[in-house]
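> Dumping the structure here so I can ask a few things about it.
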Amino acid sequence: MTTTALMNQQFRLAARPVGMPKRSDWEEITEAVREIGDGEIVVKVLYLSLDPAMRGWMNEGKSYIRPVAIGETMRAAGVGVVVASQSDKFAVGDTVSGATGVQQYWAGAADDKHANFYKIFPAMAPLTTWLNTLGMPGMTGYFGLIESGQPKAGETVVVSGAAGAVGMTVGQVAKQLGCRVVGIAGGKEKCDFVVNELGFDACIDYKNSAVKDGLKEHCPNGVDVYFDNVGGDILDTVLTRINLRARIVICGAISQYNNTTPVKGPANYLSLLVNRARMEGIVVFDYADRYHQGVAAMAKWMQEGTFKSREDVVDGLDNFPEALLMLFEGKNFGKLVLKVADA
Ligand SMILES: NC(=O)c1ccc[n+]([C@@H]2O[C@H](COP(=O)([O-])OP(=O)(O)OC[C@H]3O[C@@H](n4cnc5c(N)ncnc54)[C@H](OP(=O)(O)O)[C@@H]3O)[C@@H](O)[C@H]2O)c1
């Protein structure tokens, strides 16, 4: 295949955003896909994962991963199909997952360590599920809860962002382990979903009720594990209800990502001292060599019908800048995915 006949539309970072990203923070470029050489492949991107972390990657400064440079294609995970190959690792027609970036085609070395492509199996689950439960958010929820939260049967697990990608995994894994699970989410529809569809024991609608009252009502024995996806006031409130030797998993703080003022830390942190509790940050990549275990466990539960994955698909690469904002406005219902092309 002559890859130079393929035109590649992509979004590059044009400016570091202040507050919420704007369309002018991106530059949209279309150029021909380059010729590939020995050991290289071209991947046609089908779906992209839109993640809250992308907002952090747009900032300058030290983090667990280097920032996206100005002028660089925006980093994103994606799934796609190999359309050209000069590598033994992948054949034309293979379906793969990796860091494709926000673009239509990825070209480079099949073993590129940043892209980190691996084969996925569409017969096992829909492609979008490979970006959710069987992908990075699922691994975050699964390993973050089990390794850092260390929940035991009968304990109470509270998770914020409960109807989102990571949150829905955390709550369902905790149910599989025999815990009482209380979600925190924005709005009645999301709360009804996590209780009625995902089997959580209760859900607190933080937009329409006081989290403190909800915790009193739904966690009569206190909170043993809090899996925090949102930070800010919700984290502060949960800290007032934790038990002796509670585990607080700091997974994310989406309420703080677009701040133009300093991040708001928890005023109630002395509750950790009083309760000999532990607060620990996690980064999903630390569990990369065990992802296959998480995939196997959750795929089995899904096949048995005791575990669900929900994705919210926005159609069209052109819509990337606005679609990304949905995460920070709570407009996504399930894992937010951008459809780039048909298979
Ligand atoms: N540490 C890691 O390795 C790792 C890996 C993946 C993700 N994460 C983190 O995990 C968290 C969840 O990510 P995700 O991909 O699963 O996203 P998600 O939950 O699918 O989507 C984001 C959700 O956050 C909620 N939200 C937005 N603004 C909020 C606010 N001000 N206060 C409270 N909730 C707010 C919204 O839900 P509501 O409608 O319910 O408000 C929104 O739908 C993020 O903080 C992300 O950075 C961490």
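> Which value, in nm² and rounded to one decimal, describes the direction-averaged projected area of the C-alpha convex hull of the range 136-285?
8.3 nm²
> Among the listed pairs Lys89/Lys331; Lys22/Lys339; Lys113/Lys264, which have their C-alpha atoms separated by more than 32 angstrom in this model?
Lys89/Lys331; Lys113/Lys264
> For q values of 0.14 Å⁻¹, compute log₁₀ I(q)/I(0) with the Debye formula on a Cα-only model of the chain, without solvent.
Summing over Cα pairs of the chain leads to -1.12.
> Compare Tyr142, Tyr47, Tyr64 in a GNM of the chain, Cα atoms joined below 10 Å, and give the one with the largest fluctuation.
Most flexible of the set in this elastic network: Tyr64.
> At 222 nm, what value in deg cm²/dmol follows for the chain if DSSP H runs of at least 4 each add -39500 (n - 2.57) and the sum is divided by all its residues, to the nearest 500?
-6000 deg cm²/dmol
> May I pose another question? Among the Cys residues of the chain, which have no other cysteine Cβ under 4.7 angstrom away?
Cys179, Cys219, Cys251
> Indicate, rounded to the nearest 5 percent, the antiparallel portion of the DSSP beta bridges found entirely in the range 136-285.
Taking every DSSP beta bridge within the range 136-285, about 0 percent pair in antiparallel fashion.
> Tally Lys and Arg at +1 and Asp and Glu at -1 over the other residues with C-beta under 14 Å from the C-beta of Ile41: what net charge comes out?
Here the count lands on -3.
> Can you divide the C-alpha Rg of the range 255-340 by 2.2 N^0.38 Å and report the result to two decimal places?
Ratio of Rg to 2.2 N^0.38 Å for the range 255-340: 1.54.
Bear in mind these aren't lab numbers, they're just calculated from the coordinates by the rules spelled out. As the structure is a prediction and not an experimental result, all values here were calculated from the model. Cβ: placed from backbone, ideal geometry, glycine included. Neighbour counts: every protein chain shown.
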